[in-house]
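Values quoted throughout were computed directly from the atomic coordinates according to the rules given, and no laboratory measurement underlies them. Because the structure is a prediction, the values reported are computed rather than measured. Because the Cβ atoms are built from the backbone with ideal geometry, glycine has one as well, and the counts that use them run over all protein chains shown.
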Amino acid sequence: MEGKIIDLSISFDAKDPLYIQLYQQIRELVHVGALKGGMKLPSIRSLQRQLNISKTTVETAYHMLLEEGYVVSKERSGLVVVSPPGSFSVDGSDLIGNRVLNESSTSFNQFPKQHLIDFSLLSVDGDSFPIRIWKSVVGEALSQQSQFIHLYGDPQGEMSFRESLSQYLRKSRGVVCSPEQIVIGTGISYSILLLSKLLKEIRRVGVEKSGIAQVRDYFIQHGFEIVLVDLNDLERVEQESKHSRIHMLYVTPSHQPSGDPMPYLTRQRILEWASRHETYIIEDDYDGELRLSGKPVPSLQGLDKSGSVIYIGTFSKTFSPALRLNYMVLPINMLEKLKSITPVLSGPSRIDQWAMQLFMSRGHWYRHLRRVRKIYRYKNETLVQLLRQHLPGSFELKASSSGLHIELLMTVDCDEETLIGLAKQEGVLVYGSQGGTNQVYPKIYLGFGGLSLQEMEEGVQLLCKAWSSVLKGR
């Protein structure tokens, strides 16, 4: 049975995207009581026909309503409206307005301290996972491969999956490789473990000073020594190479610690450095596919002419960290060494690999990427608007067109640890740069991938409260 017909008006010439217009109009109908608690929303297909828009547009708008609690999903009923708790507003335009929270209102003053709002840089949007489609491809994979379900697979990864992946990487990321160069793994720690076996002669790895601290720990755990470098000072990197202080570089060209992609000139210079010293660059395509505006930046590996780049990518940020599925593309000159460490190889579930291969070959992967980019773009814009509303003049925003976090340069007279500690006292987790103590102003990083719009607003309000004494002293 179809849900209630809703009177909606979508403009293809409006400034806002269609999914935002649809989301805002339905939300407003809930606010004014035109859509009452218990009413069923139209199915995706019927609303698609009614408005002559794409299925993805309706799905994205419905996802946002579901995430914010305006509707709930009921088995055999679809999406059903719930009674809204007052007129709590979360869209971008309303957040810039003057919604006052007093002691009698819900949320802010009654926000439980034991519930932490975590602006984690690693979390992703849980509701964006395409569970129905994934269940379908897992079932199809089991049916197709039932005669092999009792056997161990190729420890390097299923060949059919590696073939699909090599085609995708060439088309989407500019990575030039054959299936034989790909090693399927369970995460970057596993990939670094393999590199420690393949490159026993290499011990010191150059890592950017403001880089991901977690990755440094992985290198250290697997016997590498870390040398912090500044890629804005390549002459210094060259000098340290001559004194045998750097044997290999770990970089994230698509999304550097600053949030920007690595400039083309820097890419060329580090490739020349690696070729000249006959060593390697580890390219971690961190957030490379999560370009929120413009097209994704092509890989460094695609520019490599001397077999110097080891390319690492993952499905954790764009799909799900629960899948534990990543991949490493080795230069051709390392394939003989790879054969020598076959006993060390231990790929992830064959079933998951078969399912992901079907997911990609059916075109679901590209549709999923388009959808999550829209979701994360809106979350990014909303968080920026909230910060500018509640913390005006207290930070410089380092704008980034990719990834799931933003960088704030806090123009205050205190350090990162103080800001992080004050925030935690109010129930909010934020993160520092790990970049040392010689910077003029502290840097704070806020991830938005795993937070709902309501949690982001509550979190920013609590940060305003937590940092009030520091901000007054400016």
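Things to note:
- Here the contact order of the stretch 123-255, divided by its residue count and restricted to Cα pairs under 8 Å and six or more residues apart, works out to 18 percent.
- Rounded to whole Hz, the Karplus (6.51, -1.76, 1.60) HN-Hα couplings of the stretch 196-202, x for glycine and proline: 5, 7, 6, 10, 5, 7, 9
- Taking the stretch 272-334 and dividing mean pair separation by its residue count, relative contact order in percent (alpha carbons under 8 Å, at least six apart): 31
- Three-way shape label, the stretch 320-423, alpha-carbon gyration tensor, a/c 1.5: prolate
- The H on the amide N of ILE310, modeled in the peptide plane, is under 5 Å from the matching H of ILE281, ILE282, GLU283, each at least 5 residues off or on a different chain.
- A crude spin-label estimate for the pair LEU228 and HIS390, with each label 7 Å from Cα along the Cβ direction, gives 3.0 nm.
- Converting phi to 3J(HN,Hα) with the Karplus coefficients 6.51, -1.76 and 1.60 and the offset θ = phi - 60°, the stretch 37-44 yields x, x, 6, 8, 6, x, 5, 4 Hz in sequence order, with x at every glycine or proline.
- The length gained by stretching the chain between GLN167 and SER146 to full extension, at 0.36 nm per residue less their Cα-Cα distance, is 5.0 nm.
- Cα gyration tensor, the stretch 315-355 - rounded (a/c under 1.5), prolate or oblate: prolate
- Above-threshold pairs, the threshold being 28 Å between Cα atoms, out of LYS197/LYS398; LYS305/LYS337; LYS317/LYS337; LYS40/LYS135; LYS74/LYS135; LYS209/LYS339: LYS197/LYS398; LYS317/LYS337; LYS209/LYS339
- Per-residue 3J(HN,Hα) values for the stretch 273-288, derived from phi via the Karplus relation 6.51 cos²θ - 1.76 cosθ + 1.60 with θ = phi - 60°, read 4, 5, 5, 5, 9, 6, 10, 10, 10, 8, 9, 8, 7, 5, 6, x Hz in sequence order (x marks Gly and Pro).
- Amide proton proximity set for LEU429, modelled H, under 5 Å, gap of 5+: ILE117, ASP118, PHE119
- Residues with amide H under 5 Å from that of LEU228, placed H, sequence gap 5 or more: VAL207
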